[in-house]
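Just below is one structure, and these are the notes that go with it.
The values are calculated or read from the model by the stated rules, or taken from the named source; none is laboratory data. Since this is a predicted model, take the numbers as computed values, not measurements. Every residue, glycine among them, receives a Cβ derived from its backbone with ideal geometry; neighbour counts consider all protein chains shown. Accessible surface is based on the protein model in full, side chains and every heavy atom, while ligands, DNA and RNA are left aside. Shrake-Rupley method; radii C 1.70, N 1.55, O 1.52, S 1.80 Å.
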Amino acid sequence: MSMTTKGFPLMLSFDLDCETMWTARDPEARKRPILMSQGAYGWKRGVWRVLDVLRRYEVKSTFFVPGEVVLAHQEVIDALLKDGHEIAHHSHTHRWIVSLSPEEEREEMELAQQAIIRATGQVPRGWRSPAAELTDVTMDLIKEYGFKYSSNFFDDDAPYLLKVRGAHIDCVELPFRYINTDSPYFQFSKILPGRTITSPPQVLDTWSWEFDTLHAEDRMMVVAMHPEFIGQPSGSTVLARFIEHVRKQDNVWIGRCDDIAADIRANLLADA
Ligand SMILES: [Zn+2]
């Protein structure tokens, strides 16, 4: 029996980092227009191509969007909401949490929270860390802000309730892993030494093998992508063919993180 009421849970999630992908590494990046243009591809081109694919296959997704991007691109937020996608919290500036003071971390949480409420009319239900790091302060903030789910840890292939200072909280963790993320394969820049671009069919194969195994084991799958990469022409073909691959199974629920977390929560709370 599947862990949700609607079948095997598959979340196709997107982090719409845009320019913050580069300014978070180095504020001086703002002075480098070609580097910044790699981020601009996200809001200018990539997100629209991703939206086309999701519409074609009638898939609803979650977009984790930094507050700065929310404030700069209301037209993108409106288009995402119109198609029924979820906007979730992904910090404000995307600065790496381990380099922040506790006060700065709180400010990151609050500024993006307000930006999302203003742009969507809704309190965000989920949180994903920028650049896959968090601190003790973050865990307290997740609890304080009342997030219903988090999608951050790499330690399992099944959802579980987060613990803060030893006690379970009502927040479902939806873990993922780097292998099911697009940036290790497609993020290339001369300022990131050692990176090469992976052939798109190889990524499709990898994600399909991951799905086949997880589906056979009746677990769940989170794919974390960036419109800056998966929204490129060959990337969007990977996304489309991956959806076709998973739809060969008839019991797969491709859904938003908030909907899937809500469906799973009752069972997890009962077991906690
Ligand atoms: Zn990000």
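Quick notes
- Qualifying residue in segment 114-124 (condition: at pLDDT 95 or above, within 15 Å of the chain's Cα centre (by Cα) and buried (at least 20 other Cβ atoms within 10 Å of the Cβ)): yes
- All positions within segment 39-73 that are over 28 Å from Gln114 (Cβ atoms) and either without any contact (Cβ under 8 Å) to a residue 12 or more places away in the chain or within 14 Å of the ligand (Cβ to nearest atom) (or both): Glu58
- Matching residues, segment 5-14, being open to solvent by 10 Å² or more (accessible area, probe 1.4 Å) and either within 11 Å of Phe63 (Cβ to Cβ) or of a type in the set (S, T, N, Q) (or both): Thr5
- The residues of segment 177-211 that are assigned to a helix (DSSP H, G or I), surrounded by 13 or more Cβ atoms within 10 Å (Cβ to Cβ), of a type outside the set (Asp, Glu) and away from the ligand (no atom under 16 Å from the Cβ), listed by number, are Ile179, Pro200, Val203, Leu204, Thr206, Trp207, Ser208, Phe211.
- Residue list for segment 133-155, restricted to those being without any contact (Cβ under 8 Å) to a residue 24 or more places away in the chain and surrounded by 14 or more Cβ atoms within 10 Å (Cβ to Cβ): Phe153
- Scanning segment 135-150 for residues that are under 15 Å from the mean Cα position of the chain (by Cα) and closer than 22 Å to Glu107 by Cβ yields a total of 2.
- Residues satisfying the stated conditions in segment 131-173, i.e. within 16 Å of the ligand (Cβ to nearest atom), modelled with pLDDT under 95 and not small (Gly, Ala, Ser): Glu133, Leu134, Thr138
- Considering only residues in segment 36-64 that are surrounded by fewer than 21 Cβ atoms within 10 Å (Cβ to Cβ) and touching a Gly at 6+ places or on another chain (Cβ under 7 Å), the one that is nearest to Trp127 (Cα to Cα) turns out to be Lys60.
- Test for Met109: is it more than 24 Å from Met225 (Cβ to Cβ), open to solvent by less than 60 Å² (accessible area, probe 1.4 Å) and not polar (S, T, N, Q): no
- Scan of segment 5-22 for residues that are among the aromatic types (Phe, Trp, Tyr), touching a strand residue (DSSP E or B) at 6+ places or on another chain (Cβ under 8 Å) and over 17 Å from Asn152 (Cβ atoms), ordered by number: Phe8
- Look at (1) closer than 30 Å to Ala29 by Cβ; (2) assigned to a helix (DSSP H, G or I); (3) open to solvent by less than 30 Å² (accessible area, probe 1.4 Å) and you find that Leu214 fails only one, number (1).
- In the set (1) within 14 Å of the ligand (Cβ to nearest atom); (2) at pLDDT below 95; (3) among the charged types (D, E, K, R); (4) in a helix (DSSP H, G or I), Glu108 fails one condition alone, (2).
- Selection from segment 190-233 of residues that are touching a residue at least 24 places away in the same chain (Cβ under 8 Å) and polar (S, T, N, Q): Thr206, Ser208, Gln232
- Counting only helices (runs of 4 or more DSSP H) that sit completely within segment 218-272, those holding 3 or more residues that are at pLDDT 95 or above and more than 19 Å from the chain's Cα centre (by Cα) correspond to 233-246.
- Of everything in segment 77-98 that is away from the ligand (no atom under 15 Å from the Cβ) and in a helix (DSSP H, G or I), the residue that is farthest from Asp26 (Cα to Cα) is Lys82.
- Residue in segment 19-28 that is of a type outside the set (D, E, K, R), away from the ligand (no atom under 12 Å from the Cβ) and over 20 Å from Leu111 (Cβ atoms) present: no
- Close pairs (9 angstrom Cβ cut-off, 6 or more residues apart or separate chains): within 12 Å of Gln113 (Cα to Cα) and touching a residue at least 60 places away in the same chain (Cβ under 8 Å) in segment 82-100, among the acidic types (Asp, Glu) and assigned to a loop (DSSP other than H, G, I, E, B) anywhere: His90/Asp17
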